[in-house]
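First up is the structure itself, then whatever we jot down about it.
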Amino acid sequence: MADPSTYRPAPGAIPTSPGVYKFRDAHGRVIYVGKAKSLRPRLSSYFQDLAGLHPRTATMVTTAASVEWTVVATEVEALQLEYSWIKEYDPRFNVKYRDDKSYPELAVTLNEEYPRVQVMRGAHKKGVRYFGPYGHAWAIRETVDLLLRVFPVRTCSNGVFKRARQVGRPCLLGYIGKCAAPCVGKVSADEHRALAEDFCDFMAGRTGNYLRRLEDQMQEAAAELEYEKAARLRDDIGALKRAMEKNAIVLADATDADLLALAEDELEAAVQIFHVRGGRVRGQRGWVTDKVEDVDTAGLVEHALQQLYGGGESVPREVLVPALPEPAEPVREWLGGLRGSQVDLRVPQRGDKKDLMATVQRNAQQALALHKTKRASDLTTRSRALQEIADALELDSVPLRIECYDISHLQGEDVVASMVVFEDGLARKSEYRRFQIRGFEGQDDVRSMHEVISRRFRRYLQEREQTGEWAVPEEDDPDTAAGGTRDEEGRPKRFAYPPQLLVVDGGQPQVAAARRALDELGIDDVALCGLAKRLEEVWLPGEDDPVVLPRSSEGLYLLQRVRDEAHRFAISYQRNKRSKRLTAGELDSVPGLGETRRRALLKHFGSLKKLRAATVDELCEVPGIGRRTAQTVAEALSSRTPAAPAVNTATGEIIEDGAEQAAGPVAAAPQTAPSQETP
C-alpha cells in the first residue's frame, strides 16, 4: 500500500487550467482517469487525510504510485479526452458501463440504386436510414414482414439480387408479393426508391396520412365494385395497424428523444435507456456497473452519456436525464458537436415526458433488483474466496490477479501450454495466452512448466528493463502472437502486468520447476502454488506437506475453477494443433503454394498420384502456375516417398489415391494404438 504523500505534486506545480489527469500504480498501469475544470483544487483534494476520503477514493490513492495531467483549452476538450483515455486504458477504478452485446437496428440503404431493408449492427454508415435500436433482431423482422405487404422493398443481399438479374427470375418474395422485384424490371429504380421512401416515412411516424389515403382508395375500389382490390387494401391497412401496435405512441408530438434513468445504491448502479423516435419507443437497453469510484447521480449520468454516444450512437434532438451533469454546458456542447446541431439536454418536469421518465426509472429499479438477485451472493462469495486463499497461503493481501498455467500434449507430441488470468475472481479472457513448447521434444511436464514460466516472466523483465516502465514487445516473439500491443504510456501489454498469485496445474515437481524459473530470473514478489488433481491439494514451494483446504471452501472452489479453465484452454489449443497436423496434405508444406493454387492443381490432375507423376511442362498448363512454381512443386513431390495407402476402416479395403487424400489421410496404415491426452 503506497503513501500518497510520496508522489504528491509540489505546491504550485499543478496548473489551474482545465485538464485530464491519470493515476498510475507501481507497474505504470493507469488505474484512474478524471477531468477537472481546474486541475489544482481537484488534484489537491486527493491528497488530504485518508480518513476524510471516501473508502473507494482512499483505496485508489493508496494503490497509485504517481499522478500526471494534461492541460486542455476547454471543458469540452477535457470531456472528449477523458472518454478517449477511459476507452484506451480501461482503468480499474473508473465507472464503466459494460454491455455484452450490440443492438440491432432496422436500416434502409438509401445510398444504393435499389434501396434494401435489412438488420444492421455497429457504426452507422453515410446514406443509410436507421430506425431503432431494438432489443431483439426478431422484433425487427416481425415488423418488416408486416410492412413488406404494403411496401414491397427488396430485402435480399447484393449477391442474390445480381443473380436474379442474370437469370431473369425473381426470388420467392417476388412471387408472393413481398418484393416489387426490381431485379427483373417489374418496377423501375425510381418506383422502387419511392417505395423505400414511403417505408421510411411510415417508420418515422408519419402514419396518419398514409392510412387515410389507403382507406380512401379502399372506399373508391368498393364503390366501383372492385372488391378484390378493396379486400387487398383492407388487408394492407390491417397489416399496417398491427405494425403500429408493436410500437405504441408514448409522446403525441412525434418526439425524437432518448430517456435515461438510474437506480443506484452504495455499491452498484443500473442504467436504463429508452429510445423514442417519432413519438414511439423504438428500443431499450441497459447496463449495470459497480461504483468503483465516489460518484453521485450527476456523475453517473455523465459517464452513461459518454458510454452511449461516444461509441458512435446517433444523438437525438432531446436527451432527457434524471439529473444534469455538473457542469452541464460542456456536455451539451459535446453532444451538439456529435449531432451537428443543438441538443436539448434537460430533466423533464411535467407532462407525458415526465411520466415516461417514471416508467424508465421503474425499469432501472427492476433491473438493479434482478441483478442483485443474480449476483449479490456471487460478489460476496468471490470476496470470501479470495480472502480464504490469502489466509491459507499466508499472503500479505488478497490476490486480485491470479495466473494459472497448464501443460497439454498427446504422448509427447504437439506439446503446448496455456496461461489464463482471473482478476477479482472473474475470468479475464482478453489476457489469456498460449505457448508452444519449443525448447525440447518429447514428454516432460516439469521441463515444459519451467520453460513456460521462464518465457512469460522473461518478457516481463525485458519490458521493465527497456524503458523503466513498459516497452512494446518484439514483433518476432512467438510468445506474443496473440493479443494487442500497448505503448510506453503505461497501458498494459501482453505480459507487462505481473500476478499476485501464480498457480500451476500439478504437485511438488511442477511447483519446484516454476519456483526455479522465478529464482533464475530474480523474481521474489510473486506468490506461487500448485493444485494437484488427485486429492485437490495445494502445494507450496519448499514444503513437504500440502495445504489441504476444506472441500466446502470457496477458496478451493475458485482455485479449481482457475485450474479447470487453464486445462480447457490448453486442451482446446492442443487439439487444434493436432487436427491441423493430421489433416495437412503433401502440398501444404510446398513453399509459395497457397490454398487457391493447391485446389487448382488437384482439380486439373484429379489426384495426388497423377500430380506426382506430372512433368514441369504439364504443371505449367494449370492456370496460375508459372514455371518456377511448377519446378518447386515437382521437386517437393519427387523428394518425398508416397504416403501409406488410405484404408476404409469399415470394410478394410484399400482406397485409391484420390483427390480427397491430398487434403488429409482417411486412415493411414499402419495405424498407431489409441492414446489418451495428457493435460
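The values are calculated or read from the model by the stated rules, or taken from the named source; none is laboratory data. Computed from a predicted structure; not experimentally measured. Glycine also receives a Cβ, built like all others from the backbone with ideal geometry; neighbour counts cover every protein chain displayed. We work out accessible area using only protein heavy atoms, side chains counted, and drop any ligands, DNA or RNA first. Shrake-Rupley method; radii C 1.70, N 1.55, O 1.52, S 1.80 Å.
Summary table below
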| read-out | value |
| --- | --- |
| Cross-link pairs beyond the 28 Å C-alpha cut-off, checked among 22/429; 126/162; 186/229; 162/229 | 162/229 |
| Of 308, 380, 390, farthest towards positive along the dipole that unit charges on Lys, Arg, Asp, Glu beta carbons give region 298-397 | 308 |
| Positive-end residue, region 312-405 charge dipole about Cα centroid, Cβ charges, pick of 361, 402, 324 | 361 |
| Dipole in debye (nearest 20) - region 407-450, about Cα centre, beta carbon charges: Lys, Arg +1; Asp, Glu -1 | 160 debye |
| Contour minus Cα-Cα distance for residue 638 and residue 175 (0.36 nm per residue) | 160.9 nm |
| Accessible-area order (highest first, 1.4 angstrom probe) of the listed residues 294, 25, 256, 445 | 294, 256, 445, 25 |
| Total formal charge among the other residues, if their Cβ is under 14 angstrom from that of residue 619, Lys/Arg +1 and Asp/Glu -1 | +3 |
| Chain lengthening between residue 198 and residue 70 when straightened (0.36 nm per residue, less Cα-Cα) | 41.0 nm |
| Local net charge near residue 345, Cβ-Cβ under 12 Å (Lys/Arg +1, Asp/Glu -1) | -2 |
| Estimated FRET transfer efficiency (residue 10, residue 126; beta-carbon r; R0 45 Å; 0.05) | 0.35 |
| Pair residue 359, residue 51: separation of 7 Å Cα→Cβ label points (nm) | 5.2 nm |
| Accessible area, probe 1.4 Å, largest first, for residues 465, 543, 302 | 465, 543, 302 |
| R0 of 60 Å, Cβ-Cβ distance residue 426-residue 228: FRET efficiency to nearest 0.05 | 0.45 |
| Label-point separation, residue 42 to residue 142 (7 Å along Cα→Cβ), nm | 4.6 nm |
| With DNA, RNA and ligands ignored, accessible area of residue 431 (1.4 Å probe; Å², nearest 10) | 20 Å² |
| Charge dipole (region 9-106, unit charges on Cβ, about Cα centre) - positive-most of 10, 51, 79 | 51 |
| Sites residue 26 and residue 535 - FRET efficiency at Förster radius 35 Å, r taken between beta-carbons, to 0.05 | 0.40 |
| Area of residue 27 that stays accessible when all protein chains are in place (1.4 Å probe, Å², to 10) | 50 Å² |
| Distance between region 588-637 and region 559-580 - C-alpha centres, whole angstrom | 37 Å |
| Amide hydrogen neighbours beyond the local backbone of residue 116, cut-off 5 Å, H modeled | 109 |
